[in-house]
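Data first, discussion second: the structure below is written as structure tokens.
Nothing in this text is a laboratory measurement; each read-out follows from the coordinates by a stated rule. Just so it is clear, the structure is predicted and the values come from calculations on it, not from any experiment. Methodologically, a virtual Cβ is constructed for each residue, glycine included, from the backbone with ideal geometry; neighbour enumeration extends over all protein chains shown.
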Amino acid sequence: MAGLYLHVPYCRQACHYCDFHFSTQLGTQEAMVESMGREVETRIPEPRMMQTWYWGGGTPSLLTSAQVKTLVDGFIRHTPLVPKGEFTLEANPEDVSDVQLRSWREIGVNRLSMGIQTFVDRRLAWMNRAHSGEQARDAVRRAQDAGLENITVDLMYGLPETSLSEWQENVGQALELGVPHLSTYALTVEDKTALHHQIKKGTTSAPKDERAREDFLWLRSALRTAGWEPYELSNASKPGMRAQHNSAYWSGEAYVGIGPGAHSYDGAAIRQWNVSHNLRYIRGWKPGASPEGLVEVEVLSLLDQKNERIMTSLRRMEGLLRSDMGPYAETLDRRWKSFLENGWMTATDSGWVLTDEGLLWMDMVAAEGFATAEDLGTFVSS
Ligand code: SF4
């Protein structure tokens with residue numbers, strides 16, 4: 001069964017590091033909601049049950065209660081959620097009010113993903129986030145008081161001019177709030193972001209790999225000591241509280257993406273993505289207009305599919321299964337021998353798992369394992 005992803009492409013202000021698709025021009029939200037409704041009813045005319053709903057962005061918490069209701073009504077008709085299915089909504093702390101929380105609860109949201117990044121006010125100002133550390137703590141407590149206890153918090157590590165103790169303090173604050181899930185990301189400098197520009201001009205410092213490495217390694221080990229499961233490169237939870245929607249991505253299951261910039265995958269060979277342009281998307285899905293040119297489609301070859309499986313599996317605590325690789329497993333044993341010897345990887349009865357240190361080198365390990373056209377025969381015979 002597939003999951004539904006909705007991309008809400010609006011933000012109050014642009015965080016300096018962010019290269020996601022969003023606009024700070026909020027005046028088109030109403031038209032956007034109408035076009036999203038038309039996309040879902042056109043692409044999925046007959047109801048198709050979904051295991052999970054995930055509303056991300058951008059900032060879904062910027063939608064008004066009425067807009068949220070319109071979207072939910074359309075999704076219930078075309079992509080209904082299974083009973084007790086996971087419905088995650090991404091929210092920024094500055095939008096979390098008791099009124100909003102009540103309306104999210106009423107329409108069935110049962111998991112909140114809170115974009116916090118850090119509790120330290122001067123770092124938040126440096127990132128151009130629209131909230132303070134206190135607002136972040138208050139938002140989590142309000143959500144818990146409203147009965148929304150399944151909360152994940154996004155935190156960012158490896159920030160320039162920070163120390164391990166600052167990171168420890170940030171993680172400590174999230175754990176003290178009693179959330180059952182954390183998503184943690186190293187700060188990366190993406191092209192065309194304000195941060196990239198500032199670093200080039202020399203007005204701010206670039207992040208250092210060593211800061212990110214130390215923060216990451218400490219986090220994994222501290223969370224295990226606290227009884228958590230760091231179950232994926234960027235995600236950790238208390239036992240039984242993994243993100244179902246994201247876990248389905250990493251296991252290669254199908255998902256339907258609605259909204260500008262949203263990606264979809266059929267669980268086999270077809271991947272497609274919507275145009276990352278709000279006005280083109282809105283116009284293309286207007287009544288009587290043609291959505292032609294709004295979607296790009298990629299057909300994955302068998303080789304692409306196998307290599308993607310290698311990449312996504314290495315992110316996970318369960319690692320890559322030998323059974324997924326057929327006879328190619330023997331090639332991987334050879335290619336990954338040095339990583340098994342240097343401690344980046346361990347071999348289990350079922351396959352290969354990256355160690356914490358190895359996860360820092362995941363791209364290199366995966367690239368070493370990627371199959372080429374010469375290896376194709378091994379797959380075809382598997
Ligand atoms: S990090 Fe989130 S809130 Fe900030 S600009 Fe990017 S999508 Fe918007």
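Can you compute the FRET efficiency between Lys286 and Lys200 using 1/(1 + (r/R0)^6), with r the Cβ-Cβ distance and R0 = 35 Å? Round to the nearest 0.05. Could you put the intermediate results ahead of the total?
Details: r = 40 Å, r/R0 = 1.14.
Calculated transfer efficiency: 0.30.
What is the packing order of peptides 128-136, 265-273, 1-9, taking the mean over residues of other C-beta atoms within 10 Å and listing the highest first? Working shown, then result.
On the way: 128-136: 19.0, 265-273: 15.3, 1-9: 23.4.
Peptide ranking by packing, descending: 1-9, 128-136, 265-273.
Pop the C-beta distance of Arg142 and Glu169 into the FRET formula with R0 = 22 Å and round what comes out to the nearest 0.05.
0.50
For Glu46 and Met317, FRET efficiency with R0 = 30 Å and r from the beta-carbon atoms, rounded to 0.05? Intermediate values should be presented prior to the final figure.
Values: r = 37 Å, r/R0 = 1.23.
FRET efficiency, Met317 to Glu46: 0.20.
Find the relative contact order for region 114-227 and round it to a whole percent, using C-alpha pairs within less than 8 Å whose residues are 6+ positions apart.
Details: 125 pairs, mean separation 31.3, N = 114.
Reported relative contact order: 27 percent.
Once you place label points 7 Å from the Cα toward the Cβ at Val82 and Thr346, how far apart are they in nm?
Each label point lies 7 Å from its Cα, and together they span 3.1 nm.
What's the extension gain from Leu303 to Thr355 if we count 0.36 nm per residue and subtract their Cα-Cα distance?
Details: separation 52, 0.36 × 52 = 18.72 nm, distance 2.58 nm.
Gain on stretching Leu303 to Thr355: 16.1 nm.
Modelled label-to-label distance, Gln25 and Leu217, 7 Å Cα→beta-carbon offset: nm?
Reported label-point gap for Gln25 and Leu217 is 4.8 nm.
With unit charges on the beta carbon (Lys/Arg positive, Asp/Glu negative), name the residue among Leu332, Asn150, Gly267 whose Cα is farthest towards the positive pole of the charge dipole of the chain.
Most positive-ward Cα: Asn150.
Using Cα centres only, tell me the gap between region 153-178 and region 213-290 in whole Å.
When both Cα centres are located, 22 Å separates them.
Looking only at Cα atoms, what is the convex hull volume of the chain per residue, in Å³? Kindly include the intermediate steps, with their values, before the conclusion.
On the way: hull volume 59.3 nm³, N = 382.
For the chain, the hull spanned by Cα atoms encloses 155 Å³ per residue.
In the chain, which Cys residues have no partner Cys with a Cβ closer than 4.7 Å?
Unpaired cysteines in the chain: Cys11.
At a threshold of 8 angstrom on Cα-Cα distance, excluding pairs fewer than six apart, so keeping six or more, what relative contact order does region 197-242 reach in percent? Mind dumping the intermediate values first?
Working: 23 pairs, mean separation 8.3, N = 46.
So the answer I get is 18 percent.
For the residue pair Arg105 and Thr331, what label-to-label distance in nm results when each label sits 7 Å from Cα along the Cα-to-beta-carbon direction?
Simple spin-label model gives 5.5 nm for this pair.
Can you give the convex hull volume of the alpha carbon atoms of region 302-380 per residue, in Å³?
It comes to 78 Å³ per residue, whole-number rounded.
Taking Cα pairs under 8 Å and at least six residues apart, what relative contact order does the chain come out at, in percent?
Values: 679 pairs, mean separation 57.9, N = 382.
Over the chain, the number comes to 15 percent.
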